[in-house]
Amino acid sequence: MDYKIAVLPGDGIGPEIVEQAIKVLNAVGKKFNHRFDFTEALVGATAIDRVGNPFPEETFQLCMDSDAVLFGAIGDPKYDNDPKAKVRPEQGLLAMRKKLGLYANIRPVTTFKSLIHKSPLRRDLVEGADFVVIRELTGGIYFGEPRGRSEDQNTAYDTCTYTREEVQRIVKLGFEYAAKRNKRLTVVDKANVLATSRLWRETVQEMTPDHPDIEVDYMFVDNAAMQIIQWPRKFDVMVTENMFGDILSDEASVITGSLGLLPSASVGIHTSVFEPIHGSYPQAAGKDIANPLATVLSAAMLLEISLNLTTEASAIREVVDRSIEEGVITEDIAEGKAYRTSEVGDWLAENL
Ligand code: IPM
Ligand code: MG
């Protein structure tokens, strides 16, 4: 089959890690007889520099016309300490989420046996941890109106809004994931304080009778932050609103000791987007040292979720496992010899 993939390398290490995922996808194409057509487009700070818009219309159109989007990273330190910047790379990411209707961000948290000693947690706590964080991605305080400043500039406000429908569609996905996994769904909210959280809880309670085989529990977000590091193994599927999900998924990602290895998928109404969860790591940009595995594993999610190619996705996961076992890894996780980004990509493509 022929598939159209939009490639949005973005900023920092984005281009070099995406390049490795493309090598691996081409190897998959060769082995399994598929043709992947890759078309690149601008996003993030690079897009601001080139065309003044972090998510240009052409990029949006390309995404709409593709079967899936492979995304690198966005962010540039030159914007981080400039709260007055009129256009920011992150706006490109938010615009992409909104315009593609990507209401769900799926982040699987898995541990890799040979890397557990890198975890900040004790081995006995984290070994075997395996859960999925499902974060609502197009609602809540990230998008709510009104937002802004008072006339005298001395007060600022953001608004957290959710509709019942927005909650239903993301929680539905949570139930679906739980059904495919260990049948446990943890709903994270702050229902003791926030009206939006009470709507979340009420909506989930309305939905639970339709899913008698799923064990649902509710957890306040502060407690969840604590339990993720105390008992990471107890979670199966966690579903939560946009900002809580932003925070908890970063927390969850480091307990495995392998931040450079975790992929993500953003899915919703139009084309889905697949990206590593680490950022643009500007200090490493262009040095050929960044870990490409999270992007390669995101390509595996792309095959599985957007193209329904599960055997091909497993082939990628297997070759990634092998590269870790055989020590063909970059300096962030290597103990002895470290390989370059491009060498890891070449090895994966050859050994798939
Ligand atoms: C993420 C990032 C983004 C977010 C930023 C870059 C806007 O932290 O994808 O988790 O907050 O959603
Ligand atoms: Mg984040």
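The values are calculated or read from the model by the stated rules, or taken from the named source; none is laboratory data. Being a predicted model, the structure only gives us computed values, none of them experimental. All Cβ positions, even for glycine, are placed from backbone atoms using ideal geometry, and neighbour counts span all protein chains on display.
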Scan the range 228-253 and report the pairs whose first residue is without any contact (Cβ under 8 Å) to a residue 60 or more places away in the chain and whose second residue is in a helix (DSSP H, G or I) and within 11 Å of ligand 1 (Cβ to nearest atom), with Cβ atoms within less than 7 Å and a gap of 6+ or a chain change. 228/248
Filtered residues of the range 1-32 (kept if surrounded by fewer than 16 Cβ atoms within 10 Å (Cβ to Cβ) and either without any contact (Cβ under 8 Å) to a residue 12 or more places away in the chain or farther than 21 Å from residue 310 by Cα (or both)): 30
Looking only at the range 154-170, decide whether some residue is modelled with pLDDT of 95 or more, closer than 18 Å to residue 249 by Cα and either under 24 Å from the mean Cα position of the chain (by Cα) or within 16 Å of ligand 2 (Cβ to nearest atom) (or both). yes
Considering (1) crowded, with 16+ Cβ neighbours inside 10 Å; (2) under 23 Å from residue 100 (Cβ atoms), say which one residue 178 fails and leave the rest. (2)
What number of residues within the range 109-131 satisfy the criterion of being away from ligand 1 (no atom under 15 Å from the Cβ) and part of a strand (DSSP E or B)? 3
Candidate set from the range 86-110 (those that are surrounded by 21 or more Cβ atoms within 10 Å (Cβ to Cβ), within 16 Å of ligand 2 (Cβ to nearest atom) and hydrophobic (A, V, I, L, M, F, W, C)); member that is nearest to residue 63 (Cα to Cα): 96
